[in-house]
Amino acid sequence: MHPLHREAHLIQRIGWLRAAVLGANDGIISTASLVVGVAAAAAGPSEVIVAGVASLVAGAMSMAAGEYVSVSSQSDTEEADMARERQELAATPEAELNELTQIYVDRGVEPALARIVAEQMTAKDAFGTHVRDELGIAEHGAARPVQAALTSAATFASGAVLPLALAVLAPAPWTSVAVSGGSLAGLAVLGGIGARAGGAGVLRPTLRVTFWGAVAMGATALIGALVGRSV
């Protein structure tokens with residue numbers, strides 16, 4: 001007899017993958033943009049480094065706080081829905097069974113068979129079945145605020161290290177060029193890694209993240225140059 005086959009689906013990675021890619025992408029773009037903008041304003045090397053460090057610290061904390069609040073709101077909504085579903089199962093089990101049957105019928109199951117399936121699923125795990133099939137809350141998609149916050153902060157900081165290191169190592173006249181070029185290369189690599197981890201094609205995500213990174217850095221450099229001339 002063959003052992004039970006369990007597949008590892010790519011969608012199981014969606015929770016941490018989204019936060020990781022978003023955090024690292026923002027870390028590179030925001031820090032590189034700020035460094036390039038400050039450098040374009042004819043600031044000294046020390047000012048550029050201070051701006052880069054401030055961007056890393058503030059950005060990591062902002063990403064962590066934003067992700068925690070956002071995902072906590074999602075988690076609160078899920079908890080409220082599940083609590084109501086638990087009450088309905090206790091108060092009106094027959095109505096909930098009928099509702100589950102109709103869900104399966106709507107998905108294409110013959111009514112008599114849908115009733116049998118609903119009864120068997122309810123007998124095994126009524127609450128878990130309704131959470132999954134009625135509310136659409138799956139284990140791999142459940143909100144995890146702390147995980148999202150820590151992942152976003154760590155990946156933002158790791159992304160921000162690249163433009164900051166380039167700003168430290170590059171000669172002053174070449175700061176903008178080195179940071180821009182190196183950061184765009186880092187964004188391209190990040191886009192490819194994220195696409196590969198998610199099972200998608202590599203080319204389009206890589207081009208997309210690189211293009212918008214270039215736009216962000218170009219806009220910030222332009223603003224920095226204009227402000228630098230005006231003051």
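The values are calculated or read from the model by the stated rules, or taken from the named source; none is laboratory data. Nothing here was measured: the structure is a model prediction, and the numbers come from that model. Cβ placement follows ideal geometry from the backbone for every residue including glycine, while neighbour counts extend to all protein chains displayed. In case anyone asks, the SASA skips ligands and DNA or RNA and just uses the protein heavy atoms, side chains included. Shrake-Rupley method; radii C 1.70, N 1.55, O 1.52, S 1.80 Å.
Things worth noting here:
- For region 23-124: rounded, prolate or oblate by the Cα gyration tensor [a/c cutoff 1.5]: prolate
- Each of T122, M82, V105 was scored by the projection of its Cα onto the charge dipole of region 81-222, and the greatest displacement toward the positive side belongs to M82; charges sit on the C-beta of Lys, Arg, Asp and Glu.
- R107 - accessible surface, heavy atoms, 1.4 Å probe, Å² rounded to 10: 140 Å²
- Over all other residues within a Cβ to Cβ distance under 11 Å of D106, the charged ones net out to -1, with Lys and Arg as +1 and Asp and Glu as -1.
- With each label modelled as a point 7 angstrom along the Cα→C-beta vector, the I193-Q147 pair spans 2.0 nm.
- Ligands, DNA and RNA left out, the accessible area of region 50-124 computed with a 1.4 Å probe is 61% carbon and sulfur.
- The label point for A91 and the one for V168, both projected 7 Å from the Cα toward the Cβ, are 6.0 nm apart.
- Label-to-label distance for Q102 and V57 is 5.8 nm, based on points extended 7 Å past Cα in the beta-carbon direction.
- When the residues R86, R115 are ordered by accessible surface, computed with a 1.4 Å probe over the protein chains alone, the sequence from largest down reads R86, R115.
- Which of M121, M82 is most accessible, then next, and so on - probe 1.4 Å: M121, M82
- Net charge contributed by nearby residues that have their C-beta within less than 15 Å of S73 (K/R +1, D/E -1): -4
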